[in-house]
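Below is one structure, written out as structure tokens; the observations come after it.
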Amino acid sequence: MTAIAVVTTVASKKEAHAMALALVEARLAACAQISRIESVYAWKGRIEQGKEYRVLFKTTDAHYDAVESAIRGLHSYELPAIHAFAFERISAPYADWIESSTS
């Protein structure tokens, strides 16, 4: 088992909370952390900027495909950012909690 964080950004706090609740209730993520951020990005030939919410889901690599699918199904963006990274180091009890919370 490899613990990972899957990250996306959404336009509103309401969308962030709904997505977080849905994935944790479905046991696809052990938890979700929501942060207010400001983004600057290229989109359709223009430079855009705006306030967003980053949602970080703690899960396992075995759940990545299901997490990505759930995010896509709930997301309001035309092209949602969805990416993941493995925890290089993680305490064993915390990794066990992530695994037991998503199984």
- Item | Criterion (farther than 16 Å from ILE4 by Cα, in contact with a helix residue (DSSP H, G or I) (Cβ under 6 Å, 6 or more places away or on another chain) and either of a type outside the set (Lys, Arg) or modelled with pLDDT of 95 or more (or both)) met by exactly one of TYR53, TYR41 | TYR53
- Item | segment 13-52, residues that are surrounded by fewer than 17 Cβ atoms within 10 Å (Cβ to Cβ), in a helix (DSSP H, G or I) and of a type in the set (A, V, I, L, M) | ALA18, LEU21, ALA22
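Pick from segment 84-103 the residues that are closer than 15 Å to HIS63 by Cβ and not hydroxyl-bearing (Ser, Thr, Tyr): which of them is nearest to the chain's Cα centre (by Cα)? Steps first, answer last, please.
Pass one, segment 84-103, residues closer than 15 Å to HIS63 by Cβ: 84-87, 95, 97-103.
Those still in the list that are not hydroxyl-bearing (Ser, Thr, Tyr) too: 84-87, 95, 97-99.
Details: ALA84: 8, PHE85: 11, ALA86: 13, PHE87: 14, ALA95: 17, TRP97: 18, ILE98: 14, GLU99: 16 Å.
Ranking the candidates gives ALA84 first.
Out of all the residues in segment 91-103, which are aliphatic (A, V, I, L, M) and surrounded by fewer than 15 Cβ atoms within 10 Å (Cβ to Cβ)?
ALA92
Can you tell me which residues in segment 1-29 are of a type in the set (Gly, Ala, Ser), within 25 Å of ARG89 (Cα to Cα) and within 11 Å of the chain's Cα centre (by Cα)? Before the answer, list the steps.
At the first step, the residues of segment 1-29 found to be of a type in the set (Gly, Ala, Ser) are 3, 5, 11-12, 16, 18, 20, 22, 26, 29.
Now drop any that are not within 25 Å of ARG89 (Cα to Cα), which leaves 3, 5, 20, 29.
Selection gives ALA5, ALA20, ALA29.
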- Task: May I ask you to list pairs of residues, at least six apart or on different chains, whose Cβ atoms are under 8 Å apart, with the first in segment 19-46 being among the β-branched types (Val, Ile, Thr) and the second being not in a strand (DSSP E or B)?
- Result: VAL24/ALA30; ILE34/LYS13; ILE34/ALA16; ILE34/HIS17; ILE34/ALA20
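Within the group VAL55, VAL67, VAL10, which residue is surrounded by 14 or more Cβ atoms within 10 Å (Cβ to Cβ), touching a residue at least 24 places away in the same chain (Cβ under 8 Å) and in contact with a Leu (Cβ under 8 Å, 6 or more places away or on another chain)? Before the answer, list the steps.
Numbers: VAL55 fails: in contact with a Leu (Cβ under 8 Å, 6 or more places away or on another chain); VAL10 fails: in contact with a Leu (Cβ under 8 Å, 6 or more places away or on another chain).
So the residue among VAL55, VAL67, VAL10 that is surrounded by 14 or more Cβ atoms within 10 Å (Cβ to Cβ), touching a residue at least 24 places away in the same chain (Cβ under 8 Å) and in contact with a Leu (Cβ under 8 Å, 6 or more places away or on another chain) is VAL67.
The values are calculated or read from the model by the stated rules, or taken from the named source; none is laboratory data. On a predicted model such as this, the values are computed, not experimentally measured, just so you know. Neighbour counts are summed over all protein chains in view; Cβ atoms, including those assigned to glycine, are modelled from backbone coordinates with ideal geometry.
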